[in-house]
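The structure appears below as structure tokens.
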Amino acid sequence: MSVINDTIARVKQMDRDQVEFHQAVTEVLETLKPTAERHPELVKAKIYDRLVEPERAMTFRVPWMDDKGNVHVNRGFRVQFNNAIGPFKGGIRFHPSVNLSIIKFLGFEQIFKNALTTLPMGGGKGGADFDPKGKSDAEIMRFCQAFMRELFRHIGPDTDVPAGDIGVGGREIGYMYGYYKKIQNTHTGVLTGKGLEYGGSLIRPEATGYGAVYFAAEMLATRSLDFKNKVVAVSGSGNVAQYAIEKATQMGAKVISACDSNATIIDEKGISQDKCRYIMDLKNNRRGRISEYSDEYSCTCYEGENVWEVLKKQGIKVDIALPCATQNELGKEEAESLVKNGCICVTEGANMPSTPDAVKIFQDNKLLYGPGKAANAGGVATSGLEMSQNSLKMSWTREEVDQRLLIIMKSIHKSCLDAAETYGKKGDYVTGANTAGFMKVARAMLAYGIV
Ligand code: NDP
């Protein structure tokens, strides 16, 4: 469809160096071609061109002082991509790799993910090229305050509601929210992922990892399979990975791996609930390295390699793969090795962890492949539930929120399958997730006229 090809070409020409953004736009728009054929009104209103252009993108200076009195300057970002169906919503990432391309790819993906949750949330994303590793607690606080000193003027409970992402967990949200409250003199649901004592929702920390496993369970059920006695590989050891490991183990699987940016551990005996709690304490409280796990539990540790590289090199077989670390962590050769070793299901806890080549291999080999924008939507869905609880000034129980999360993940799964079938790609979760999310946003944009 030439309209879609033109839009992709235009993005590549206008934003030449934004490779991650090109990757995300190409992946989504390629699957939207049937919508352009079936809905000429969307083409006429230039919905595809409008979709790839953020409402606005801010970059800003974040000056802060370290413990020794040295001044540093980082670059902050907030991309407010699309608010057709609700306030902009999406996480904040603190990582040295952060740049406009990465924030735009994440914000773009967030539009469809948020639409899929069925909750009224638009898409956005933000962050800074700040490296939290090795920083003291006081330095983290000063950085979060410096970041919020500019961000506060762009956000609000009905405008833009940020949350956490890589490098931004409960501690950082606490510092940012505390500072926002101080300078705005208002206690309002402007960030999600807050602590329970000040407006957070139960199950929010667990939601992305749990949700990804619930989604994988739904996918497996379409082939009369489940997690029981399956060997599972998880990558990462942060928020998403920790709760994916916990839930998969609770469902009867044996999870054998975790990693961080330095090393991978393979524990053939399985990461039990106790061992998972050790990882949570190691990463969330002691801020240690995953290699310490191998000393504690006498298992193998591979320095300088991620989970997928280790599985390939060592020829380790897994039934289910849950990439939960970062973008483009799983490439073509690693995908071929997973397929060769009998993997049946790949469900993404992270955003865009599989390269386009890897995705093609999963699809060509008929694996159950659940893209991140559907499979990891449980986090933002529970953020949506946090926003509802904040505006109602009430809080739901752990069981209530978990139940709602499960229902949402089942409904996202069904929407993906239904949309895939409607647009002639039965069983293709990528087409399903993209078209289901897109059609909701596109109809709203059409209703508003040319704005
Ligand atoms: P965290 O910062 O809590 O954890 C990220 C983990 O991935 C860390 O263990 C980190 O290691 C590891 N990691 C980062 N880069 C690499 C790399 N290049 N190679 C190997 N390991 C790496 O982030 P989250 O768990 O919150 O996020 C993980 C992914 O899930 C991201 O893609 C994020 O966008 C996505 N996501 C998160 C949501 C959430 O609710 N938190 C919601 C939806 C998606 P190290 O400790 O060394 O930094």
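The values are calculated or read from the model by the stated rules, or taken from the named source; none is laboratory data. Everything numeric in this text was worked out from a predicted model, so none of it was measured. Cβ placement follows ideal geometry from the backbone for every residue including glycine, while neighbour counts extend to all protein chains displayed. We work out accessible area using only protein heavy atoms, side chains counted, and drop any ligands, DNA or RNA first. Shrake-Rupley method; radii C 1.70, N 1.55, O 1.52, S 1.80 Å.
Restricting the GluC sites (Glu not before Pro) of the range 227-333 to loop positions (DSSP other than H, G, I, E, B) with no more than 15 neighbouring Cβ atoms within 10 Å leaves Glu268. Solvent-accessible surface of the chain, taken per residue with a 1.4 Å probe and all protein chains present: 40 Å². Sparse packing (at most 11 other Cβ atoms within 10 Å of the Cβ) combined with a DSSP loop state is found for the following trypsin sites (Lys or Arg not before Pro) in the range 369-442: Lys393, Lys426. Taking amide H atoms as placed 1.01 Å from N in the peptide plane, the amide H of Arg93 lies under 5 Å from those of Gly126, Gly127, Ala128, each 5 or more residues away in sequence or on another chain. Amide H contacts for Val255 (H built 1.01 Å from N in the peptide plane; partners 5 or more residues away or on another chain; cut-off under 5 Å): Val232, Ile271. Label zone (Arg286, point 7 Å along Cα-to-C-beta; backbone nitrogen cut-off 12 Å) within the range 295-318: 295-297.
Anisotropy class assigned to the range 285-417 is oblate, per the alpha carbon gyration tensor with a/c at or over the 1.5 cut-off and a/b no larger than b/c.
Annotation note: chymotrypsin sites (Phe, Trp or Tyr not before Pro) in the range 417-451 located in DSSP loop regions with a Cβ neighbour count of at most 13 within 10 Å are Tyr448. Largest to smallest in accessible area, the residues Asp274, Asp131 fall in the order Asp274, Asp131 (1.4 Å probe, all protein chains included). For the chain, the alpha carbon convex hull comes to 137 Å³ per residue, rounded to a whole number.
For the range 349-397, the alpha-carbon radius of gyration amounts to 1.69 times the rule-of-thumb value 2.2 N^0.38 Å expected for a compact globular protein. Residues Tyr293, Tyr179, sorted by accessible area with the largest first, give Tyr179, Tyr293 [1.4 Å probe; ligands and nucleic acids excluded]. Only protein heavy atoms count here; on that basis, with a 1.4 Å probe, Asp158 has an accessible area of about 140 Å². Taking the inverse of the mean reciprocal distance over all distinct Cα pairs, the Kirkwood hydrodynamic radius of the range 152-218 comes to 12.9 Å. Packing, as the average of other Cβ atoms within 10 Å across residues, places the peptides 162-174, 44-56 in the order 162-174, 44-56, highest first. Largest first and in whole Å, the equivalent-ellipsoid semi-axes of the range 207-366 read 22, 17, 14, each the square root of five times a Cα gyration tensor eigenvalue.
First obtain the Kirkwood hydrodynamic radius of the range 189-301 from its Cα pairs, then insert it into the Stokes-Einstein equation at 25 °C and 0.890 mPa s, and state the resulting D in µm² per second as a whole number. In µm²/s, the coefficient is 166. For a test of the definition: using alpha carbon positions, the gyration tensor, and the 1.5 limit on a/c, classify the range 378-451 as rounded, prolate or oblate. It is oblate, given that a/c is not under 1.5 and a/b is not larger than b/c.
Fully extending the segment from Lys360 to Arg56 would add 106.2 nm, taking 0.36 nm per residue of separation and subtracting the current Cα-Cα distance. When nucleic acids and ligands are ignored and a 1.4 Å probe is applied, Ser272 ends up with an accessible area of around 50 Å².
Couplings for the range 9-23, taken from phi via the Karplus curve 6.51 cos²θ - 1.76 cosθ + 1.60 with θ = phi - 60°, read 4, 5, 4, 5, 6, 6, 10, 3, 8, 8, 5, 5, 5, 4, 4 Hz in order; Gly and Pro are left as x.
Karplus-derived 3J(HN,Hα) values for the range 282-287, using 6.51 cos²θ - 1.76 cosθ + 1.60 with θ = phi - 60°, are 4, 7, 8, 9, 8, 6 Hz; glycine and proline are entered as x. Considering helices alone, the calculated mean residue ellipticity of the chain at 222 nm is -15500 deg cm²/dmol, with DSSP H runs of length four and up weighted by -39500 (n - 2.57) and normalised per residue. Please list the three semi-axes, largest first and in whole Å, of the ellipsoid equivalent to the range 61-175, using sqrt of 5 times the eigenvalues of its alpha carbon gyration tensor. In descending order, the three semi-axes are 27, 13, 12 Å.
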